[in-house]
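Data block below; observations after.
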Amino acid sequence: MNGQEFKIVFKQDKAFLTGDKPMPLEKAGLSDILNIERKEFKYPAYWTIRVINHNENEKKIFCEVLAYHLGETEFEQSQKQLSDKLNDIELVRFRKIDTGELLKTLTGKGSGSFYPSKDVAPDRVKQPYKQTLTETFFVPIKNARFILGGVSFNKKLQGHYKPIEFTIANYDIREEFDAVKNYFANVLKTKKIQVTATVEFTDDEITSTVAKSPEIEKINKDLIDNVKFEFVRATKKKISVDIDKNLFTMDEYFDTFADIEIKTNPFYNNEKDFFDDLLKISNTKHYKHLRFLSSQHLHDIMKLKFIHKPFSFIFLIQGDKNYHIIWETLDTEEATYIWYITKDPDVLKLTMRKLEDIINVMKVQGKRAYINAADEPFRRINHDYSKLVDGFVKWKGDLENYLT
């Protein structure tokens, strides 16, 4: 606090450096000048002082008086910011007190402000008050906001009177991540981030804020990939909800099975990326088969459809004369089902609606019941899981024979 200017306020037999801790006048260094035990300030008064030396061990400040004032006043915000330190002060001593000006403020005779020498003038230029606060603390991830290019939060530092907004920069972070920040907490293995924040003030204005966090610094493309996989695993493992719908687009799938409401998909701009990540994180029996089907799927005509249980996909592949709707599972030993229809958009829409009913029948009655009763043209390709042959090569040959 050395060199800083404050007000010391006098009310009756008490002195104040803050608004909430009175100090007896004898502790304010006046008893050496007057028999202060029998004195008190008849009217509100205050002095402007400058700290020459602050002795923290003795809880004492040694000051010079810059001006003597009569009347009420308010503490400057810069002084309020240091209220914690000022409340620790138990002794105030002055280098020199002008007895005449002391008596004026003590008795209330006169008005306005009095300056102890010609060197201190009413229009003197006040030096800017500069202060730096640094503090380390923890912020719950749920209270942080993921924004474009970083993470922001509000925090009230010790020694400052109101919360300050901080931003920890990280250009790998996007605002869509805010909806799934609990997954970041899971991957980071912590519910709180440690922050070291530094704030610089000039007078009462914040001139600089810097905040850093080791946890936020860990968020890079590799960690985001892990969060993506955590997010996808959670939707894949979620118990099927009680609805009649079986076929989902990517957005419909997340709306139904994500454990939170998301307005914008936080990770996937297209179904192909989502499909690729599903293959990466799953114990995929039909990896090559699904890769091939995805490469042939008519994305511009029909969005890839997802089935939650069993986890599987509906592809649309073009043959010479017909469209072929193909159902392939991710990691269960199921046959590949193929329906073929004419290349007509209306027939395609009708068939996809009918496929919803077909899957419901299979879930309730079993696939054998559907196979025995089916009246629409379809085929099945059984997978060969033996180690003696390349099951994919055989499967691909059978499929290509059916693509008419």
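Consider segment 51-83 and keep the residues that are among the polar types (S, T, N, Q) and part of a loop (DSSP other than H, G, I, E, B). The one that is surrounded by the fewest Cβ atoms within 10 Å (Cβ to Cβ) is Asn57.
Output the residue which, of all residues in segment 367-404 that are loosely packed, with under 11 Cβ neighbours inside 10 Å and part of a loop (DSSP other than H, G, I, E, B), is farthest from the chain's Cα centre (by Cα). Within segment 367-404, the match that is farthest from the chain's Cα centre (by Cα) is Asp375.
In segment 92-107, what residues are more than 20 Å from Phe62 (Cβ to Cβ), open to solvent by 20 Å² or more (accessible area, probe 1.4 Å) and not polar (S, T, N, Q)? Answer for segment 92-107, where residues must be more than 20 Å from Phe62 (Cβ to Cβ), open to solvent by 20 Å² or more (accessible area, probe 1.4 Å) and not polar (S, T, N, Q): Gly100, Leu103, Lys104. Assessment of segment 339-351 against the conditions (at pLDDT below 90 and among the charged types (D, E, K, R)) yields no matching residue. Out of Leu30, Leu86, one residue alone is open to solvent by less than 50 Å² (accessible area, probe 1.4 Å), part of a helix (DSSP H, G or I) and either under 30 Å from Val199 (Cβ atoms) or not hydroxyl-bearing (Ser, Thr, Tyr) (or both). It is Leu86.
Taken together, Thr256, Thr284, Thr249 contain a single residue that is in contact with a Lys or Arg (Cβ under 6 Å, 6 or more places away or on another chain) and either on the phi < 0 side of the Ramachandran plot or at pLDDT below 85 (or both), which is Thr249.
Every residue, every condition in (1) assigned to a strand (DSSP E or B); (2) farther than 30 Å from Phe306 by Cα; (3) not small (Gly, Ala, Ser), yes or no:
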{"residue": "His160", "(1), (2), (3)": "no, yes, yes"}
{"residue": "Phe166", "(1), (2), (3)": "yes, yes, yes"}
{"residue": "Tyr171", "(1), (2), (3)": "no, yes, yes"}
{"residue": "Ala179", "(1), (2), (3)": "no, no, no"}
{"residue": "Val187", "(1), (2), (3)": "no, no, yes"}
{"residue": "Ala197", "(1), (2), (3)": "yes, yes, no"}
{"residue": "Ser208", "(1), (2), (3)": "yes, yes, no"}
{"residue": "Ile224", "(1), (2), (3)": "no, no, yes"}
{"residue": "Val232", "(1), (2), (3)": "no, no, yes"}
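Considering only residues in segment 167-193 that are under 11 Å from the mean Cα position of the chain (by Cα) and among the aromatic types (Phe, Trp, Tyr), the one that is farthest from Leu223 (Cα to Cα) turns out to be Phe177.
With respect to the conditions (1) under 28 Å from Lys237 (Cα atoms); (2) of a type outside the set (D, E, K, R); (3) open to solvent by 80 Å² or more (accessible area, probe 1.4 Å), Leu293 lacks only one, and its number is (3).
Annotation note: of Ile317, Ile325, the sole residue that is touching a residue at least 60 places away in the same chain (Cβ under 8 Å) and touching a strand residue (DSSP E or B) at 6+ places or on another chain (Cβ under 9 Å) is Ile317. State yes or no: is Lys321 within 36 Å of the chain's Cα centre (by Cα), surrounded by fewer than 18 Cβ atoms within 10 Å (Cβ to Cβ) and among the basic types (Lys, Arg)? Judged against the criteria, Lys321 is not a match.
The values are calculated or read from the model by the stated rules, or taken from the named source; none is laboratory data. Keep in mind that this is a model prediction, so the values were computed, not measured. Because the Cβ atoms are built from the backbone with ideal geometry, glycine has one as well, and the counts that use them run over all protein chains shown. For accessibility, only protein heavy atoms count, side chains too; no ligands or nucleic acids. Shrake-Rupley method; radii C 1.70, N 1.55, O 1.52, S 1.80 Å.
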